[in-house]
Amino acid sequence: MQIYNTLTKSKQTFKPIEEGKVKMYVCGPTVYNLIHIGNARPMMVFDTVRRYMEYKGYEVNYVSNFTDVDDKIIKAANEEGVDPSVISERYIEECKKDMASLNVKPATTHPKATEEIDGMLEMIQSLIEKGYAYVAKDGTVYYSTRKFRDYGKLSHKNLDDLQGGMRSLLVSGEDQKEDPLDFVLWKPKKEGEPFWVSPWCEGRPGWHIECSVMSRKYLGEEIDIHAGGEDLIFPHHENEIAQSEAANGKPFARYWMHNAFLNIDNRKMSKSLGNFFTVRDILEKYDAQVLRFFMLSAHYRSQLNFSADLMEAAKNSLDRILTAADRARDFLAKAEEGELKEGELDLIKEAEVFRAKYEEAMDDDFNTADAIAAIFELVKFMNTNITDQTTKAFDAALLAELNELMDILGLTTERKAELLDEEIEKLIEERQNARKEKNFARADEIRAELLNKGIVLEDTREGVKWKRA
Ligand code: AMP
Ligand code: ZN
């Protein structure tokens with residue numbers, strides 16, 4: 001299996017640290033809002049990497065964090081007049097619902113930054129003791145970037161070029177730093193902010209230290225794969241390397257994987273530009289697996305432009321696969337029992353070429369676009385070769401083949417069962433009762449469940465109205 005490693009800028013054969021096991025860390029979202037489909041790209045991409053590794057027989061320990069203390073969370077909390085933990089807990093739950101809709105498996109561990117402060121204090125202390133960090137007058141702790149000789153090795157940046165770009169920071173008031181390249185490990189609290197007691201000041205951690213600490217705690221000092229969107233290469237992952245390698249005295253991650261952006265009109269989809277769709281927005285119009293199919297139809301290192309036309313095309317392509325599966329299931333139901341007929345075994349053998357092509361694509365740095373092309377070849381083969389003359393065993397063998405290749409991508413050939421009108425009405429009634437009892441969590445859950453099945457609720461003055469998306 002070849003993986004493109006950002007560290008070496010080349011594809012390398014994957015060799016795990018421990019035979020048969022993969023230790024993988026994926027930087028997770030900052031939880032102050034519903035996630036948008038750009039944030040969902042790494043979730044689906046690296047979930048697919050995990051599924052393929054599991055298919056290959058690896059035991060994958062998959063860790064993905066939630067950053068639940070951050071300026072944006074505090075700002076959202078102040079706007080609502082609630083504690084920051086109310087905001088972060090709410091959006092962790094919402095994010096988990098979106099992940100479930102998109103068939104992203106829960107991580108082995110989903111650590112939260114606020115529950116790992118002790119580990120951060122310990123790592124910062126050891127960085128100070130080893131001479132890699134220093135405490136400024138107001139108690140801010142900085143990492144001394146120039147002390148780490150390999151700084152820049154991931155982003156392939158040269159310290160002096162970086163320095164040029166950062167000179168303006170010194171002028172802009174961050175003059176407690178000994179060097180403009182230094183970054184924050186711990187910072188003092190401001191009025192009204194959450195804080196923890198530390199030897200340096202009452203305050204909170206910088207963002208980068210969180211991942212170094214959570215990764216070490218749940219996966220160990222040296223891990224196989226560290227992943228995230230390509231905007232994290234610099235400075236986030238570069239700083240993680242500086243922290244972890246200085247603290248642990250050994251290489252941190254062997255393979256660094258980064259997905260390219262999901263764009264809209266050729267610009268990165270992002271909260272700050274306001275050019276985003278949340279996963280929820282999309283689920284109002286499409287089955288969740290159309291979105292997953294759309295994302296995987298491009299290689300993860302290629303930029304992908306989002307548009308209504310491309311989503312329609314994805315929907316139609318996926319439908320061709322589902323229709324072939326429906327057709328196979330119809331013939332299967334009517335076919336005769338018994339041994340494979342003459343020639344059927346040869347055809348099944350012939351169909352093995354599609355799995356071989358699929359694996360070849362996935363082994364080549366998870367080329368899901370080519371893997372999907374192999375699925376289409378199988379679909380064509382099924383449409384030609386499954387007939388009213390073929391046996392149950394034959395139809396079932398090809399259908400199982402298709403199901404497995406889809407499943408590795410987190411897709412299914414089963415169409416979602418449509419909810420009957422009366423089932424919808426019953427759920428709406430249950431939601432109304434939950435609201436009366438102020439059980440808003442249950443009420444939201446029902447709304448999400450309905451949405452997931454394509455039912456959109458609208459609260460109007462005349463009561464709740466619903467429509468099929
Ligand atoms: P954030 O909450 O902004 O830290 O983002 C969480 C994850 O989503 C990170 O791995 C980002 O790199 C990734 N991400 C954010 N926006 C996009 C985008 N438009 N396309 C692909 N990945 C993105
Ligand atoms: Zn991270």
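The values are calculated or read from the model by the stated rules, or taken from the named source; none is laboratory data. Only a predicted model underlies this, so the values are computations on that prediction, with no experimental measurement involved. As a convention, Cβ positions derive from the backbone with ideal geometry for all residues, glycine included, and neighbour counts pool all protein chains shown.
At a glance:
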{"item": "Complete set of residues in segment 244-256 that are in a helix (DSSP H, G or I) and surrounded by 19 or more Cβ atoms within 10 Å (Cβ to Cβ)", "result": "Ser244, Glu245, Ala246, Ala247"}
{"item": "Single residue of segment 406-464 satisfying the filter (of a type in the set (Lys, Arg) and either in contact (Cβ under 8 Å) with a residue 60 or more places away in the chain or in the same structural domain as Lys357 (by TED's automatic domain parsing) (or both)) that is nearest to Asp326 (Cα to Cα)", "result": "Arg415"}
{"item": "Tabulated pairs, segment 264-279, first on the phi > 0 side of the Ramachandran plot, second assigned to a loop (DSSP other than H, G, I, E, B) and near ligand 1 (Cβ under 8 Å from one of its atoms), C-beta under 7 angstrom, 6+ apart or interchain", "result": "none"}
{"item": "Output for segment 386-402, where each listed residue is over 16 Å from Lys334 (Cβ atoms) and surrounded by 14 or more Cβ atoms within 10 Å (Cβ to Cβ)", "result": "Ala397, Glu401, Leu402"}
{"item": "For Ile241: the one exception among (1) of a type in the set (Val, Ile, Thr); (2) within 18 Å of the chain's Cα centre (by Cα); (3) within 13 Å of ligand 2 (Cβ to nearest atom)", "result": "(2)"}
{"item": "Selection status of Lys271, more than 21 Å from Thr368 (Cα to Cα), charged (D, E, K, R), within 12 Å of ligand 1 (Cβ to nearest atom) and out of contact with any Leu (no Cβ under 8 Å at 6 or more places or on another chain)", "result": "yes"}
{"item": "Number of positions in segment 191-237 that are within 14 Å of ligand 1 (Cβ to nearest atom), part of a helix (DSSP H, G or I), over 18 Å from Ser126 (Cα atoms) and not β-branched (Val, Ile, Thr)", "result": "7"}
{"item": "Segments classed as strands (runs of 3 or more DSSP E), wholly inside segment 3-106, with at least 1 members that are closer than 25 Å to Ile372 by Cα and either within 16 Å of ligand 1 (Cβ to nearest atom) or among the aromatic types (Phe, Trp, Tyr) (or both)", "result": "21-26, 59-64"}
{"item": "Test for Val63: is it among the β-branched types (Val, Ile, Thr), surrounded by 21 or more Cβ atoms within 10 Å (Cβ to Cβ) and in the same structural domain as Asn239 (by TED's automatic domain parsing)", "result": "yes"}
{"item": "Those residues of segment 274-308 which are charged (D, E, K, R) and either surrounded by 15 or more Cβ atoms within 10 Å (Cβ to Cβ) or in the same structural domain as Asn33 (by TED's automatic domain parsing) (or both), in sequence order", "result": "Arg280, Lys285, Asp287, Arg292, Arg301"}
{"item": "Within segment 417-469, considering residues that are outside any helix (DSSP H, G or I) and polar (S, T, N, Q), the one farthest from the chain's Cα centre (by Cα)", "result": "Thr460"}
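For every residue, the table says whether it meets (1) surrounded by 16 or more Cβ atoms within 10 Å (Cβ to Cβ); (2) within 16 Å of ligand 2 (Cβ to nearest atom); (3) on the phi > 0 side of the Ramachandran plot; (4) not polar (S, T, N, Q).
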| position | (1), (2), (3), (4) |
| --- | --- |
| Asp68 | yes, yes, no, yes |
| Val82 | no, no, no, yes |
| Lys97 | yes, no, no, yes |
| Asn103 | yes, no, yes, no |
| His110 | yes, yes, no, yes |
